[in-house]
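This report concerns only the one structure given below.
The values are calculated or read from the model by the stated rules, or taken from the named source; none is laboratory data. What you are looking at is a predicted structure, and each value in this text was computed from that prediction instead of being measured. Here the Cβ positions follow ideal geometry from the backbone for every residue, glycine too, while neighbour counts run over all protein chains shown.
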Amino acid sequence: MRELIKQFVKIVADTLPVHEPIYEFGALQVRGQEGLADLRPIFAGKEYVGCDMQEGPGVDRILNLHNVDLPSEAVGTALILDTLEHVEFVRKAIEEAYRILKSNGIIIISSVMNFPIHDYPYDYWRFTPESFKSLLKIFGSCFVDFAGDEKFPHTVVGVGFKGESPKNQIDDFMMKLGDWKKRWHEPAGRSWETLVKRITPPILIDIYRRIRY
């Protein structure tokens, strides 16, 4: 779980209607993420179920996104955060999420684009904003945005509403999301690299790469 995703989820929780029960898919807190990846404090007092394909910290139920063992319209909010890149059949997973959501339910998704390969246990995909829009077409309405450079963002996020979007709350959501985008234009830990590239003549960067590699 990345800090910018926790902040995005907090914005959604503070501005949009989040219904219970809340199911997080991909909830396993891998080594080094214990506590950091825990989203329960954001939804304090709400019924929250952490799901993954293996047992471990943060996991309450073993469920497979390709075939979720839940009845239709059983979930108020589905969270699939920085997980879809590890799901082999992504569209099937989104269709399953749609099936289990209540008529007024919402789905909150995020994933990476400009990001290294990482195995948990496999890394299949990278997503553009347009791919998220395509995935969320089955919802009554949806919102998709990104963080980073417009031509090569490091993060893509989306919210899908099974019913109509809450028009009276969208303005507040959009305002806070705009601040989030500015704050996270550079991925954490890489701002210094971008700065060096911007102030260093290209010929020196080329010489450095040749020496290094």
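Of all residues in the range 115-133, those being among the acidic types (Asp, Glu) and closer than 14 Å to Val87 by Cα number 2. From the set of residues in the range 128-173 that are at pLDDT below 95 and assigned to a helix (DSSP H, G or I), which is nearest to the chain's Cα centre (by Cα)? It comes out as Ile170. Applying the condition of being over 26 Å from Glu186 (Cβ atoms) and modelled with pLDDT of 95 or more to the range 105-127 and asking which residue is farthest from the chain's Cα centre (by Cα) yields Gly105. Would you say Glu95 is buried (at least 19 other Cβ atoms within 10 Å of the Cβ) and of a type outside the set (A, V, I, L, M, F, W, C)? No: the conditions fail for Glu95.
This table checks each residue for (1) among the acidic types (Asp, Glu); (2) under 25 Å from Gly56 (Cα atoms); (3) without any contact (Cβ under 8 Å) to a residue 40 or more places away in the chain.
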{"residue": "Tyr98", "(1), (2), (3)": "no, no, no"}
{"residue": "Ile108", "(1), (2), (3)": "no, yes, no"}
{"residue": "Pro121", "(1), (2), (3)": "no, yes, yes"}
{"residue": "Thr128", "(1), (2), (3)": "no, no, yes"}
{"residue": "Lys133", "(1), (2), (3)": "no, no, yes"}
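For the range 42-93, enumerate the residues that are touching a residue at least 24 places away in the same chain (Cβ under 8 Å) and among the basic types (Lys, Arg). Passing the criteria: Lys46, Arg91, Lys92. Within the range 85-96, the set of residues being hydrophobic (A, V, I, L, M, F, W, C) and either part of a strand (DSSP E or B) or more than 16 Å from the chain's Cα centre (by Cα) (or both) comprises Phe89 only. With respect to the stated conditions, Lys102 is touching a His at 6+ places or on another chain (Cβ under 9 Å), among the basic types (Lys, Arg) and surrounded by fewer than 18 Cβ atoms within 10 Å (Cβ to Cβ). Of the residues that make up the range 47-70, is at least one of a type outside the set (A, V, I, L, M), at pLDDT 95 or above, surrounded by fewer than 17 Cβ atoms within 10 Å (Cβ to Cβ) and closer than 28 Å to Asp172 by Cα? So far as the range 47-70 goes, yes, one or more of its residues are of a type outside the set (A, V, I, L, M), at pLDDT 95 or above, surrounded by fewer than 17 Cβ atoms within 10 Å (Cβ to Cβ) and closer than 28 Å to Asp172 by Cα. Scanning the range 105-119 for residues that are touching a helix residue (DSSP H, G or I) at 6+ places or on another chain (Cβ under 9 Å) and surrounded by fewer than 15 Cβ atoms within 10 Å (Cβ to Cβ) yields a count of 2. The set of residues in the range 48-65 being farther than 11 Å from Glu24 by Cα, out of contact with any Asp or Glu (no Cβ under 6 Å at 6 or more places or on another chain) and not aliphatic (A, V, I, L, M) consists of Gln54, Glu55, Gly56, Asn64. Residue count for the range 71-89, restricted to those that are surrounded by fewer than 21 Cβ atoms within 10 Å (Cβ to Cβ) and of a type in the set (A, V, I, L, M): 1. Here Asp38 meets the list (1) outside any loop (DSSP other than H, G, I, E, B); (2) out of contact with any strand residue (DSSP E or B) (no Cβ under 6 Å at 6 or more places or on another chain); (3) among the acidic types (Asp, Glu) almost entirely, failing just condition (1). Taking the criterion of being within 30 Å of Gly148 (Cα to Cα) and in a helix (DSSP H, G or I), would at least one residue in the range 97-116 satisfy it? Yes: the range 97-116 contains one or more residues that are within 30 Å of Gly148 (Cα to Cα) and in a helix (DSSP H, G or I).
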